[in-house]
Amino acid sequence: QVQLAESGGGSVQAGGSLRLSCAASGRTFSSYAMGWFRQAPGKDRAFVAAISWSGSSTNHADSVKGRFTISRDNAKNTVYLQMNSLKPEDTAVYYCAATARANAAMYTRRWEYEYWGQGTQVTVSS
């Protein structure tokens with residue numbers, strides 16, 4: 001089992017930047033592909049980005065391509081989401097997720113992930 005804890009959320013002006021972190025503990029971090037999802041009030045939890053075990057491949061939702069970047073540091077058991085050029089529509093609770101599936105970044109659906117963090121709030125004002 002792996003435990004996940006997000007941090008780095010907060011309030012920022014449109015056009016600003018924020019970096020989210022997800023610290024993992026438990027099973028070997030490098031054995032898990034990781035993902036970020038977000039959920040706005042009244043909306044379904046939506047895929048944001050994913051990264052393979054090794055970090056060699058990544059996958060970003062069309063809505064965030066060119067603005068957000070997922071990365072990981074296995075030595076620190078941490079995955080990151082660098083968010084630039086933030087827009088008000090990026091406002092949501094952001095969740096970190098982990099899966100013991102193959103070393104790939106193809107996992108974009110909620111059911112593909114076994115473990116979830118508690119979420120961190122990101123608010124973008126205009």
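From the set of residues in region 1-44 that are of a type in the set (S, T, N, Q) and outside any strand (DSSP E or B), which is modelled with the highest pLDDT? Of everything passing the filter in region 1-44, Ser17 is modelled with the highest pLDDT. Of all the residues in region 1-34, those that are β-branched (Val, Ile, Thr) and within 26 Å of Ser125 (Cβ to Cβ) number 1. Does Ala98 satisfy being touching a residue at least 40 places away in the same chain (Cβ under 8 Å) and in a strand (DSSP E or B)? Answer is yes for this residue.
Summed over region 45-75, residues that are in a loop (DSSP other than H, G, I, E, B) and surrounded by fewer than 16 Cβ atoms within 10 Å (Cβ to Cβ) total 8.
Scanning region 94-118 for residues that are touching a Gly at 6+ places or on another chain (Cβ under 9 Å) and buried (at least 18 other Cβ atoms within 10 Å of the Cβ) gives Tyr94, Tyr95, Cys96, Ala97, Ala98, Thr99, Ala105, Tyr107, Tyr113, Tyr115. In region 76-93, which residue that is open to solvent by less than 60 Å² (accessible area, probe 1.4 Å) and assigned to a helix (DSSP H, G or I) is farthest from Phe47 (Cα to Cα)? This residue is Pro88.
Just to be sure I understand, how many residues within region 18-44 are open to solvent by 70 Å² or more (accessible area, probe 1.4 Å) and within 14 Å of the chain's Cα centre (by Cα)?
Selection size over region 18-44: 1.
The values are calculated or read from the model by the stated rules, or taken from the named source; none is laboratory data. None of the values given here were measured: they were computed from a predicted structure. Glycine also receives a Cβ, built like all others from the backbone with ideal geometry; neighbour counts cover every protein chain displayed. Side chains included, ligands, DNA and RNA excluded: accessible areas come from the protein's heavy atoms. Shrake-Rupley method; radii C 1.70, N 1.55, O 1.52, S 1.80 Å.
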